[in-house]
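Notes for the one structure printed next.
Please treat every number below as a calculation from the coordinates, not as lab data. Please read all numbers here as calculations on a predicted model, not as lab measurements. With ideal geometry, Cβ positions are generated from the backbone for all residues, glycine too; neighbour counts draw on all protein chains shown.
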Amino acid sequence: MSISSSKPKSQSVKVTSVDSFDDAKTWDLPSINSDVQSSGTNAFNKTRTWKYEPPEVEEDLVPLTAEVIESIRAAAYDEGFALGKQEGYDAGLEQGKQEGLELGTSEGKEQGLADGMLAGQEQMDELARSWQSIIDQTANPLAQVSQELENELVILAVKLAKAVINVEVTTQNDVLLSAISEGIKVLPIQESQYQFQMNPVDVAMVKGHFGDQVIAENNWRLIENPAIERGGCELSTQSNAVDMSIQRRTADVFTQFLNAQGLQYDPRNS
């Protein structure tokens, strides 16, 4: 029995008619840009979009000590204090400048106005006095002449009185003796020695009047001084002094006379 090898026969499709493809549909190629499906999991039970990431290494936290906490607190306090101080200083400086400017401007205006008014008032007063003086001199010329005449009469009276006193001094020894007595009364009683400065003529008169014995018993020392006018003396001790000169005594009398006449100044000095 012979075995014959048989080859499969290729099958061919015969297209008998074009009309037989009327029901065929075109097949589109899949797009390679389409997103990977997000649904579903892989072999590791992870989503298809999952990627391996190494785990984060956790740092070991060292517990804070009381010193560290206190240091942090102090640093925070210092920083906050410095910041608050600076902000407060800046705000206070700005406010102080503004208030100082406003206050200084206001006070400066007020002070300037007051000074100006005062200066103006003083000038007005000075001008008023000047005009009043001119008016008085124009309206009352006789009053001015009368005042000048009164002064001249007073000066004349004083000169006449002084001349009369000088004449009386040269003829009456009582004037000098009265001066010596009044001067001794003014000085303390316990004084041990008295020194008299007198005109040389008066020294001789006193020695002749009292005598050397009385002068020695009273511890009087008589000194000649030509600069002292007759009728007066300057009496002194170790601790006190009295001016009993004619110039001083007559000046007191004239001052009393001027005051009695209602004169406020001495016309002899004008």
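Below, the figures for the structure above:
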read-out: R0 of 41 Å, Cβ-Cβ distance residue 83-residue 47: FRET efficiency to nearest 0.05; value: 0.20
read-out: Mean Cβ neighbour count within 10 Å, used as a protection proxy, ranking 195-207, 212-224, 243-255 highest first; value: 195-207, 243-255, 212-224
read-out: Inverse of mean 1/r across different Cα pairs in the range 173-228, Kirkwood, Å; value: 11.7
read-out: Around residue 232: net Lys/Arg minus Asp/Glu count, Cβ-Cβ under 10 Å; value: -1
